[in-house]
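See structure below.
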Amino acid sequence: MNTIEMKGNWNEQKGKLKQKFAMLTDNDLMFAKGKKEEMYGRLQVKLGKTKEELMSIIESL
């Protein structure tokens, strides 16, 4: 999934992630231009997942 695709439906994916992982906050899921890697890092730490596992979860939503 590229950045444009992710940005386009991010609000929908963000809602699904919050349902699946109740401990996630809006700050954890903040998708800012140029800060995608920072967001992935926050999610990796919070969820205890690798980047590949995280990408797989997001793509499966």
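All of the numbers you see were taken from the coordinates with simple rules; none came from a lab. Only a predicted model underlies this, so the values are computations on that prediction, with no experimental measurement involved. Heads up, the Cβs are rebuilt from the backbone with ideal geometry, glycines too, and the neighbour counts pull from every protein chain shown.
The table below lists the values:
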read-out	value
Cα gyration tensor category, rounded, prolate or oblate, for the chain with a/c compared to 1.5	rounded
Net charge, SER60 excluded, C-beta distance under 12 Å - Lys, Arg +1, Asp, Glu -1	0
Inter-site label distance for GLU12 and ASN27 at 7 Å from Cα along Cβ, in nm	2.9 nm
